[in-house]
Amino acid sequence: MSIPQNTSLIRFLAWLLVLLVLPIALLEVGVGCAQLNAGEAKVSTPLSFSVYALSRGKGVPEQARLVLDQARQVLKVGQDQGKVKRLVDRRIGLEGETQLCAEFSDAQAADRFFNELHHFSRGVDLVDMKKESCPP
C-alpha cells in the first residue's frame, strides 16, 4: 500500500516543479523574442526600393512607361545630388517589364524618394513599388 502513496508524492513533486519552472522558462523565451525583434527593427528599414513597370501580355502600358521614365529622371537627379548611391535599371520580362531599383545613402532619403515616386505612381495600372534590396 505504500507504493501508490510514493507514486502520488512523486507526481505531486513533478507537477510542483513544472509549475515553479514554467513561469521562469516563459519569461526567458519572452526576453529572447524581444531581443530578436529589437535586432530586426534595426535591419528592417531598407535603404533601397524598386519601381516595377509590368504587363499583362500586351506589353507595358504607356502610362506605366511614363511613370518609369519619370522615376528614372527623379532618381538620376538624386544620384547627381549624392543621395542615390546606386541605380539598377534592368529588364525583367519579354514584353518590356522593367525593375528600376535605387539604393540610398540614408533611410531618410530613401523614404523621401519612395513617397515622392509613390505619389505620382498611385493609381497607374501595372506600376508597383517595393521596399527591397537591389539585385547585385
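The values are calculated or read from the model by the stated rules, or taken from the named source; none is laboratory data. Here the structure is a predicted model, which is why all the values come from computation and not from measurement. Backbone-built Cβ (ideal geometry, glycine too); neighbour counts: all protein chains shown.
Numerical summary
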{"item": "Selection status of ASP89, charged (D, E, K, R), free of Cβ contacts under 8 Å to residues at least 24 places away in the same chain and either over 13 Å from VAL67 (Cβ atoms) or not assigned by TED's automatic domain parsing to the domain that holds TYR52 (or both)", "result": "yes"}
{"item": "Top-ranked residue of the range 81-136 - restricted to ones that are among the polar types (S, T, N, Q) and part of a loop (DSSP other than H, G, I, E, B), ranked as surrounded by the most Cβ atoms within 10 Å (Cβ to Cβ)", "result": "SER105"}
{"item": "Identity of the residue in the range 65-79, within 24 Å of the chain's Cα centre (by Cα) and hydrophobic (A, V, I, L, M, F, W, C), that ends up surrounded by the fewest Cβ atoms within 10 Å (Cβ to Cβ)", "result": "VAL74"}
